[in-house]
Amino acid sequence: MSIVAVNLVVLAVLVGLLEIVSSFYVTWPRGNRVPHPILHHTWKPNSSFVHREWIADNPDFPEPYTHAYNAQGWLEDYDVVREKDSDVFRVYYLGDSFTEGTAPMDGSMPSLVEAELNRLGAATGQRFEVINAGTSSHSPTIHYINMRYVLLEYD
């Protein structure tokens, strides 16, 4: 029994040390993330952020680009209302930095999907609203909590 306890303590110390050491090597975008009591962090509501940190890594976008965050803290330049028009089909994109998009807003996956869906639906009058709720470093558990307790409140 004491061997198990010693191994658990050693494991806990090693994990703690790895967390501390790795924090020196991880760079986070500053200024646009705020703490959240349930989701750990979210984007600062009603704000914008000029991204320069990806320029060296993304030759397709050699210039800084701006992300706008709405009142909900989602990567949208408008506030999403709970009730939607009956002819609108609403889609939420949940994910990490890939969903958020390390590119101008109109180059993110949710924006590209929305543009294509609206192009295809134009003939029938169907409109699509694709909301980018991507937040870098969110885990699957946080996505579930976000969906269950936040997003399901919306049509």
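The values are calculated or read from the model by the stated rules, or taken from the named source; none is laboratory data. Owing to the predicted nature of the structure, the values given are computational and were not obtained by experimental measurement. Note that we place each Cβ from the backbone using ideal geometry, even for glycine, and neighbour counts take in every protein chain shown. Calculation scope for accessible area: heavy atoms of the full protein, side chains included, ligands and nucleic acids excluded. Shrake-Rupley method; radii C 1.70, N 1.55, O 1.52, S 1.80 Å.
Below, the figures for the structure above:
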{"item": "Matching label, Rg/Rh (Cα atoms, Kirkwood Rh) computed from the structure shown, candidates (i) 1.09; (ii) 0.94; (iii) 0.99", "result": "(i)"}
{"item": "Neighbourhood net charge (11 Å Cβ-Cβ; Lys/Arg +1, Asp/Glu -1) for Val130", "result": "-2"}
{"item": "Ranked order, Thr124, Thr99, Thr66 - accessible area, probe 1.4 Å, largest first", "result": "Thr124, Thr66, Thr99"}
{"item": "Candidates Glu19, Glu76, Glu114: whichever shows maximal mean-square fluctuation once the chain is modelled as a Gaussian network with Cα springs under 10 Å", "result": "Glu19"}
{"item": "Nearest-ten-degree value, helix 140-149 long axis tilted from longest Cα axis of the chain", "result": "50"}
{"item": "Relative contact order computed over segment 1-139 (Cα-Cα under 8 Å; 6+ residues apart), in percent", "result": "19"}
{"item": "Probe 1.4 Å - accessible area at His143, Å² to nearest ten", "result": "30"}
{"item": "Arg119 - accessible surface, heavy atoms, 1.4 Å probe, Å² rounded to 10", "result": "150"}
{"item": "Amide proton proximity set for Ile131, modelled H, under 5 Å, gap of 5+", "result": "Val91, Tyr92, Tyr93"}
{"item": "Residue with peak Gaussian network fluctuation, the chain [Cα springs, cutoff 10 Å], from Leu94, Leu75, Leu112", "result": "Leu112"}
